[in-house]
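First the structure, in the form of structure tokens, and then the observations on it.
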Amino acid sequence: MRKPAATDAHAAFSAVALAAIDDVYRFARSLTRDEADAEDVVQEAYLRAFRSWHTFEMGTDVRRWLFTIARNVFLRSREKGKREVTLDDDGAEIVDAAQAREQWIQGGLDAILERTDLGPAIAAALAELPEPYREAVVLVDLEDQSYEAAAEVLEIPIGTVRSRLFRGRKLLQVSLAQHAMDAGLIPRATPAPSAE
Amino acid sequence: MMRDHAMDTDHIDCASAMERLFEFLDGELGPELEVRLRAHLEVCSHCFGQAGFERRFLAAVQAAREAERCPDRLRSRVLEALQREGWTGSDTP
Ligand SMILES: [Zn+2]
């Protein structure tokens, strides 16, 4: 097969890479949690993607490739500012503390999981997840990436994807229960011993 | 061949089943373990109930995925930046 002319490559970039811009935008939003920052990440990611388009292997998952680029842009942009603490055990104590309330959390959540107005509470709970967990949950649960793809994008071993997903999802349940309670979707059932 | 010690018997206990439940639901467990975990869920009402809850939870998270689309303004901005970079394609979604 002859090497495609530049115009073909440009057309392919439109058809393949630009076609995924909604996904890249959504991923950037989840990374930055800020509209303006997300837009900067998307633009810079697409510029980099275009410059290295010749390295993209046609037929492989373009979203995985673009997510990796977008995340690198995000990490680079943040190096200038304050680095967020990304301890892997971050949040462990929240999960532990929630163990005692697990029955209540599951019961409460299970009653509302099929509601169609749950979106805002889930989005708010997701935004609160510590970054390492948020990245893993977003890639696998929202962007339908395999563990292997998530490991590649996040540059971590697949076992770490597994453990971050586990803890991230549990943290998300605790946080979602709290938001659902605040929104009045779940009755305030457990009186906190130290409240007021 | 390396095997997970927690899974080294034919029958999976509840702790192992719960530890690997998400992998099972994500279709990431591999065929052999998947069969064994499924067999456990068929005979253990506790784990079966837990699997149902986690499945509903994950479905809710997926359903809540913001149908958020890239704003037109940003799309134009990206296209302009690409054109300055020499891109000659057209925006055909
Ligand atoms: Zn069991």
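The values are calculated or read from the model by the stated rules, or taken from the named source; none is laboratory data. Note that the coordinates shown come from a computational prediction; the quantities given were computed from them, not determined experimentally. Methodologically, a virtual Cβ is constructed for each residue, glycine included, from the backbone with ideal geometry; neighbour enumeration extends over all protein chains shown. Calculation scope for accessible area: heavy atoms of the full protein, side chains included, ligands and nucleic acids excluded. Shrake-Rupley method; radii C 1.70, N 1.55, O 1.52, S 1.80 Å.
Could you tell me which residue of segment B:48-71 is modelled with the lowest pLDDT, considering only residues that are at the interface with chain A (Cβ under 7 Å from one of its Cβ atoms) and over 19 Å from A:Ala124 (Cβ atoms)? Full working, then the answer.
If we filter segment B:48-71 for residues that are at the interface with chain A (Cβ under 7 Å from one of its Cβ atoms), which is where we start, we get B:53, B:56-58, B:60-62, B:64-66, B:68-70.
Pick out the ones that are also over 19 Å from A:Ala124 (Cβ atoms) and you get B:53, B:56, B:69-70.
Details: B:Phe53: 95, B:Arg56: 95, B:Arg69: 86, B:Cys70: 92.
Checked segment B:48-71; the qualifying residue modelled with the lowest pLDDT is B:Arg69.
Only one of (1) modelled with pLDDT of 95 or more; (2) open to solvent by less than 40 Å² (accessible area, probe 1.4 Å) fails for A:Arg64. Which number is that?
(2)
Among the residues of segment A:107-130, write down those that are closer than 16 Å to A:Lys170 by Cβ and open to solvent by less than 30 Å² (accessible area, probe 1.4 Å).
Those that are closer than 16 Å to A:Lys170 by Cβ and open to solvent by less than 30 Å² (accessible area, probe 1.4 Å): A:Gly108, A:Leu109, A:Leu113, A:Ile122, A:Ala125, A:Leu126, A:Leu129, A:Pro130.
Conditions: (1) more than 10 Å from chain A (Cβ to nearest Cβ); (2) more than 15 Å from the ligand (Cβ to nearest atom). B:Gly27 meets all but one. Number of the miss?
Just one mismatch for B:Gly27, condition (1).
Test A:Glu135 against the stated conditions and say whether it is open to solvent by 20 Å² or more (accessible area, probe 1.4 Å), touching a helix residue (DSSP H, G or I) at 6+ places or on another chain (Cβ under 7 Å) and at pLDDT 70 or above.
no
A:Asp144 fails exactly one of the following numbered conditions: (1) surrounded by 17 or more Cβ atoms within 10 Å (Cβ to Cβ); (2) assigned to a loop (DSSP other than H, G, I, E, B). What is the number of that condition?
In the conditions (1) surrounded by 17 or more Cβ atoms within 10 Å (Cβ to Cβ); (2) assigned to a loop (DSSP other than H, G, I, E, B), A:Asp144 misses (1) alone.
Identify all residues within segment B:54-82 that are touching an Asp or Glu at 6+ places or on another chain (Cβ under 6 Å) and open to solvent by less than 50 Å² (accessible area, probe 1.4 Å); write none if there are none.
B:Val61, B:Cys70, B:Leu74, B:Leu79
Can you tell me how many residues within segment B:30-52 are open to solvent by less than 60 Å² (accessible area, probe 1.4 Å), within 11 Å of the ligand (Cβ to nearest atom) and closer than 22 Å to A:Leu165 by Cα?
Residues flagged as open to solvent by less than 60 Å² (accessible area, probe 1.4 Å), within 11 Å of the ligand (Cβ to nearest atom) and closer than 22 Å to A:Leu165 by Cα within segment B:30-52 amount to 6.
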